[in-house]
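The next block holds one structure in the form of structure tokens; read it before the comments.
The values are calculated or read from the model by the stated rules, or taken from the named source; none is laboratory data. Every value quoted in this text rests on a predicted model; they were computed, and no experiment measured them. FYI the Cβ positions are ideal-geometry reconstructions off the backbone, even for glycines, and counts take in every protein chain you see. Please note that ligands, DNA and RNA were not included when accessible areas were found on the heavy atoms of the full protein model with its side chains. Shrake-Rupley method; radii C 1.70, N 1.55, O 1.52, S 1.80 Å.
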Amino acid sequence: MTHTQQLKDTGRMGFVMASSVNIKNGLLTTKISLHNKIPYPTFRHRPTEIKCTRALTNSTGQHNEQYCFDIVRKRDYDGFLCSLLLPEAVRRSTLALRAFNVELAQIKDSVSQKTIGLMRMEFWKSAVEDIYRDDPPAQPIGAELWRAVRKHTLTRRWMLRIISEREKDMEDRAYRNLQDLEAYGENTQSSLLYLLLETLGVKNVHADHAASHIGKAQGILTCLRATPYNSSRRKVYLPMDICMLHGASQEDFIRGSRDQNVRDVVYDIASQAHVHLQHARSFNENVPHAAMPAFLQTVSNSISFSFSPLPTPL
């Protein structure tokens, strides 16, 4: 046998031995050897595939934007009109924030059981946390919120505060006193205004003070405006301390009474909203001009007082 033949035979034996070792050591060794021999496949996207992916993404984004646009127009028309007057650079983010607020506000009236409403509140708590982890839910408002957060670096605390207050409101009880109603306005409407100021790039203590008073006024006026609707469902949420002060019962509002004691209750509550608007106006000279678009809804609040003059108490 020649030297060359010996080398070939040795190589064959080595291959057989290596194979037997692979088999003896189990499937893992076999996989490793195959893995080393077979390269991973590579894929290349064709230009047409990239264009289709981009078109799909753009189409989804437009759908999400239109969804927020429609829900705000339907459920918060004052806020919708004010959003249209904002600078174009922040308009989409503003509509996303208002859609978020509307979505939370309508949970209470759209569920048949409190437990279901609380589950939806938990969903939004988790959604906000996911948004700030760059993992937004596959839901139009959530996707638009994520976009707004990335663009304007919005504060998570304000969103969570809105959710927490709406969750407390699921208790479906009248406010104990006017201070509770003001706290509701601060935690919902004022928090929304703080977020709108952030979209406008405004960080100013005077603007924040104005937003606080405006939010409280809006919360009070919203409660008053909703009283006829709530009364038709045999529910009254007006502060109990003011009702007791004037001797007005919940049944008076449910019956649609226009007696003087009912008018006095409305007068006292509306007067407090008016005081907050006056306080907000006192900051006018110190609030930056860039913040003014966030406060456009105070115009509709003032119009409410103009067309519905406060009744004169006896």
Point to revise | Positions within the range 286-295 being surrounded by 14 or more Cβ atoms within 10 Å (Cβ to Cβ) and farther than 20 Å from GLY79 by Cα, in sequence order | key: VAL287, PRO288
Study note, to complete from the structure: Of the residues in the range 231-242, those that are in contact with a Phe, Trp or Tyr (Cβ under 6 Å, 6 or more places away or on another chain) and outside any loop (DSSP other than H, G, I, E, B) come to SER231
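From the list PHE43, PHE100, PHE80, PHE69, which one is at pLDDT below 50 and either among the aromatic types (Phe, Trp, Tyr) or under 30 Å from SER232 (Cα atoms) (or both)? Talk me through it step by step, then tell me what you get.
Values: PHE100 fails: at pLDDT below 50; PHE80 fails: at pLDDT below 50; PHE69 fails: at pLDDT below 50.
Among PHE43, PHE100, PHE80, PHE69, only PHE43 is at pLDDT below 50 and either among the aromatic types (Phe, Trp, Tyr) or under 30 Å from SER232 (Cα atoms) (or both).
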**Study point:** Some residue of the range 206-222 being part of a loop (DSSP other than H, G, I, E, B) and free of Cβ contacts under 8 Å to residues at least 24 places away in the same chain
**Key:** no
Review point. Going by the structure shown, is GLY256 modelled with pLDDT of 95 or more and part of a loop (DSSP other than H, G, I, E, B)?
Key: no
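Given the condition at pLDDT below 85, surrounded by fewer than 20 Cβ atoms within 10 Å (Cβ to Cβ), over 27 Å from the mean Cα position of the chain (by Cα) and assigned to a loop (DSSP other than H, G, I, E, B), answer yes or no: does some residue in the range 276-285 qualify? Reasoning before the result, please.
Our first condition is that a residue be at pLDDT below 85; within the range 276-285, this holds for none.
No.
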Exercise for review: Could you check, for the range 240-248, whether at least one of its residues is within 31 Å of the chain's Cα centre (by Cα) and surrounded by fewer than 20 Cβ atoms within 10 Å (Cβ to Cβ)?
Suggested key: yes
Check your understanding: Right, THR94: assigned to a helix (DSSP H, G or I) and at pLDDT below 95 or not?
Key -> no
Check your understanding: Does LEU154 fit the bill of being closer than 20 Å to ASN187 by Cβ, modelled with pLDDT of 95 or more and either among the basic types (Lys, Arg) or in a helix (DSSP H, G or I) (or both)?
Key -> no
Check your understanding: Conditions: (1) farther than 25 Å from ASN101 by Cβ; (2) surrounded by fewer than 18 Cβ atoms within 10 Å (Cβ to Cβ); (3) of a type in the set (D, E, K, R). ASP252 meets all but one. Number of the miss?
Key -> (2)
Review point. Does the range 82-110 hold any residues that are open to solvent by 30 Å² or more (accessible area, probe 1.4 Å) and either under 18 Å from the mean Cα position of the chain (by Cα) or without any contact (Cβ under 8 Å) to a residue 12 or more places away in the chain (or both), and which are they?
Key: LEU84, GLU88, ALA89, ARG91, ARG92, ALA105, GLN106, LYS108, ASP109, SER110
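Residues to consider are ASP169, ASP180; find the one that is more than 29 Å from GLU285 (Cα to Cα), under 19 Å from the mean Cα position of the chain (by Cα) and either open to solvent by less than 50 Å² (accessible area, probe 1.4 Å) or of a type in the set (Phe, Trp, Tyr) (or both). Working first, answer last.
On the way: ASP180 fails: under 19 Å from the mean Cα position of the chain (by Cα).
Testing whether each residue is more than 29 Å from GLU285 (Cα to Cα), under 19 Å from the mean Cα position of the chain (by Cα) and either open to solvent by less than 50 Å² (accessible area, probe 1.4 Å) or of a type in the set (Phe, Trp, Tyr) (or both) leaves just ASP169.
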Review point. Which condition does GLY247 not pass, out of (1) modelled with pLDDT of 95 or more; (2) under 27 Å from ASN204 (Cα atoms); (3) of a type in the set (Gly, Ala, Ser), if it passes all the others?
Key: (2)
Exercise for review: Test each condition in (1) open to solvent by less than 40 Å² (accessible area, probe 1.4 Å); (2) farther than 21 Å from PHE80 by Cβ; (3) at pLDDT below 95 for ASP264 and report the one that comes out false.
Suggested key: (3)
